[in-house]
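The values are calculated or read from the model by the stated rules, or taken from the named source; none is laboratory data. The structure displayed is predicted, hence computed values, not measured ones. Quick reminder, even Gly has a Cβ in these numbers, built from the backbone with ideal geometry, and neighbours come from all protein chains shown. Just the protein is used for accessible areas: all its heavy atoms, side chains included, with ligands, DNA and RNA removed. Shrake-Rupley method; radii C 1.70, N 1.55, O 1.52, S 1.80 Å.
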Amino acid sequence: MQTIISPLVSHRLCLAPAVPRYRLPNIYHRAPPSIRLSNHRSTTSPCLFSSAAASRDSEMATEDVQDPRIAKIASSIRVIPDFPKPGIMFQDITTLLLDTEAFKDTIALFVDRYKDKGISVVAGVEARGFIFGPPIALAIGAKFVPMRKPKKLPGKVISEEYSLEYGTDTIEMHVGAVEPGERAIIIDDLIATGGTLAAAIRLLERVGVKIVECACVIELPELKGKEKLGETPLFVLVSSAA
Amino acid sequence: MFAAENGLKGDPRLEAISAAIRVVPNFPKKGIMFQDITTLLLDHKAFKHTIDIFVDRYKDMQISVVAGVEARGFLFGPSIALAIGAKFIPLRKPGKLPGKVISESYELEYGHDRLEMHVGAVEPRERVIIIDDLVATGGTLSAAMSLLESQGAEVVECACVIGLPEVKGQHKLKGKPLYVLVEPSGLDEFC
């Protein structure tokens, strides 16, 4: 499995921290080989790194140097083999939430990216999107719109069905939560096949909202989820080989 | 205890929060006036007030853990945790958390449900607050407290945006303080 690390990244960024930032039993140690550090994931990657570089300290000389916060975030995510079923390497973000610095940095990276882009809606997919979306929404002055499994939202909803490996699933959004012409980002913890995010995009587009970008903490690039998003760009912090 | 009785009497933020919550009659079943906080999340100012009130209360109480109950506790807990420098621990329905978990069952009106937490997420003697959007009977919060206390953590307080009439006048839940911002909103029909 190839490791994607830009040759311009300073060597210190490739090293996992010597001491975990939180004291947990050994079961919480991550499997480092499963996590690759992502430099850039969206098709607008130069743009992404220009803005990231511009907002950083002047010590960062080149645009292609990875933000040092990314390494810490990547190393705070643990991988659980064979969950929810054999063969799946589950990317567990709960350990990221236990690392106050890493969680703060995760939100800061998204906020820095979206704060001056006229975004009035942050949509988050149940349930892990509910963890990252609201802090971002609050920081950039946007509404938070939950996108939920069927029958959880009370009152009038619109739904969108999407395919699973076997069968289909549905996500729902409240009628009237968003207005035509609003600019939105969609947040989830992870993009795998892209089915859920694609359904979320369709739901928002049906009511006339412009989706500026989809944003996830983790991407599983081998599953090619990005291809399901059509014209909508994707921004992720970490790529995983799992 | 309600915020208005505990230092925030007349605070206009409480009124804004209350006004932003909509009531949906007969959901999920007939006779229930569902307190829908999604409209609060659409009102950026009111949502910010909600978080600010909790943060102001907890920031100097040496809280190192905010535990949030799936799924609506996830909407409020992380923002509070980030602002006070605490960890966020999700308490989830069965089968959602990977790896080693402990679980606690609690009663519903008909039947039971279970709440799970990761082993090792909280350490003994850590000071914890538990967040949910609403407290009715207190069954879910009690289960949450049991999970945390079984790991040696100290539950300092349970905090909810809305408290149903059953809890009015109660300052404690299973011996621990309960802090609530508002009572259920009026009967305006939005849908």
For the range A:93-122, which residues satisfy the criterion of being outside any helix (DSSP H, G or I) and within 11 Å of another protein chain (Cβ to nearest Cβ)?
A:Ile93, A:Leu98, A:Asp99, A:Ser120, A:Val121, A:Val122
Just to verify a result, which residue in the range B:12-35, among those that are charged (D, E, K, R) and in contact (Cβ under 8 Å) with a residue 24 or more places away in the chain, is farthest from B:Pro165 (Cα to Cα)?
B:Arg13
Does A:Leu164 satisfy being open to solvent by 10 Å² or more (accessible area, probe 1.4 Å) and within 12 Å of the chain's Cα centre (by Cα)?
no
Does the range A:148-159 include one or more residues that are more than 7 Å from chain B (Cβ to nearest Cβ), basic (Lys, Arg) and over 14 Å from A:Gly124 (Cα atoms)?
yes
Given the options A:Gly176, A:Gly230, A:Gly194, name the one that is at positive phi and open to solvent by less than 10 Å² (accessible area, probe 1.4 Å).
A:Gly194
